[in-house]
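Just below is one structure, and these are the notes that go with it.
The values are calculated or read from the model by the stated rules, or taken from the named source; none is laboratory data. Note that the structure is predicted; figures quoted are calculated from it, not measured. Because the Cβ atoms are built from the backbone with ideal geometry, glycine has one as well, and the counts that use them run over all protein chains shown.
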Amino acid sequence: MAVAVIMPELGESIVEGTIVRWLKQQGELVKEDEPVVEIMTDKVNTELPAPASGVLKQILAPEGAVVNVGQELALIEAESQASAEPATAPQPVSVSAPPPVGEVGFYGGGEEVQTVSSVSPLPAPARRTEGDGQTQGGRAFISPVVAKIAQEHGLSQEELRSIPGTGTGGRVTRKDVERYLEQRASQPKTAPVPAPAPAPAPAPIPTPVAPAAAVAPKEGEEVIPLVGMRKTIAEHLTRSYQTAVHVTTVIQVDVSRMMEFRERNKDSFQQQYGVRLTYTPFFVKATAEALREFPMLNASLVDDQIIVRHSVHMGVAVALGEKGEEGLIVPVIRDAHKKSLIEIARDLEDIAKRARSKSITLSDVQGATFTLTNPGSYGALIGTPIINHPQTAILGTYAIVKQPVVINDMIAIRPIMNLCLSYDHRLIDGMYAGRFLQRVKRAIEEFEFFK
């Protein structure tokens, strides 16, 4: 019996991933639930577990290959058959099992902490034996979200099998089920629901993509393949930049009161609440409150519709790796507009600790409605951050520098920082963006955090 390791469905919006590296080599013994391959999607790196114990018989997708959801990555000869002569049988097919997740993306920016990103191993995919032409339910892939919807609406296995699937290999997607339910609801109660047309035959298994030909380096050069997280970040940022009409507006803020408060209270704050008081919680709090007053900056443009969100889920860009050299990721502080400065500080520290301990999960990086990045933590003075698609805007907080300023016609020295807001000009006009920045500026300069 051969069992396939497949590319699972990690979410409705994820259709492919990249093979970063194989953790086991062809011919090696593997144990059930043991990680065998590392996959990069546009969310996070994740390790896929072995669906069975046995011998890794064949690797079908090499490192660097882009694989589709549902594609077979390798074959495992099950433990009970590992020593037996291989029998001729049809190619195995497997179903995807991990639950879907929502949207989140990568953005190039900095943070005051450096963390490592990883996720806990995903549940092992359901397995099938060779010779079985269909999976349970008559589909190559029935995801948990589809199964849940079917259960909630009392769909029988027969009805589920009859729904034409538009996903990979004839897979029934959430939209297929919702369309079928709408059709069924529109029928008279006394009339039977017409049976949909038969599902299309599963698509042929794509041929693994061979890595690009190596470029011969010249003298004094080093060639590094663009793979894994770096490649995914590059693709996501390119898509973000090509989708939105980027404009950046800059405003200067006097942070005297914020710095004085932190300097006086940072030690007692840590003793009383058990977390470090950095500048980032102030920025998150001021931005979240301003977004409630300027909700178009907390929106997304989807086709010809504007989705305005009145809850602020703040993505905070953090650097990965002990030295911040392994890329960036955007964990989310949910309902940031409802949280106090202390709660935000705790959330930021929790994100940092779990990232360093490699316990960041996909749910930690999904659903951000606005992103804040802090290049000022490494001394950057000004910049034009790239919008984290499909969001509408991103705010960059930059280095605090003492500068001479004019106050009441007199020159004074004040700690000044730049706030740089990049926004999608298709939705946001310059005046709206400027008023938003003025609102954030007022919250910081007048120190409204405890009013």
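For this structure, a couple of remarks:
- In the stretch 438-451, the residues that are farther than 11 Å from ILE251 by Cβ form Cβ pairs under 6 Å with partners that are surrounded by fewer than 18 Cβ atoms within 10 Å (Cβ to Cβ), at six or more places apart or across chains, as follows: PHE447/ARG257; PHE449/LEU341.
- Remark: ARG276 falls outside the filter, which requires a residue to be at pLDDT 85 or above, touching a Phe, Trp or Tyr at 6+ places or on another chain (Cβ under 7 Å) and surrounded by fewer than 18 Cβ atoms within 10 Å (Cβ to Cβ).
- Subset of the stretch 340-385 [buried (at least 24 other Cβ atoms within 10 Å of the Cβ), among the β-branched types (Val, Ile, Thr) and in contact with a helix residue (DSSP H, G or I) (Cβ under 8 Å, 6 or more places away or on another chain)]: ILE360, THR369
- Test: residue in the stretch 182-204 that is in contact with a strand residue (DSSP E or B) (Cβ under 6 Å, 6 or more places away or on another chain), modelled with pLDDT of 75 or more and either exposed (fewer than 15 other Cβ atoms within 10 Å of the Cβ) or not aromatic (Phe, Trp, Tyr) (or both): no
- Filter pass, HIS425 being in contact (Cβ under 8 Å) with a residue 24 or more places away in the chain, touching a helix residue (DSSP H, G or I) at 6+ places or on another chain (Cβ under 6 Å) and assigned by TED's automatic domain parsing to the domain that holds LYS285: no
- Residue count for the stretch 32-65 under the criterion of being part of a loop (DSSP other than H, G, I, E, B) and under 21 Å from GLU16 (Cβ atoms): the result is 11.
- Number of residues in the stretch 2-42 that are among the aliphatic types (A, V, I, L, M), at pLDDT 85 or above and surrounded by fewer than 20 Cβ atoms within 10 Å (Cβ to Cβ): the value is 2.
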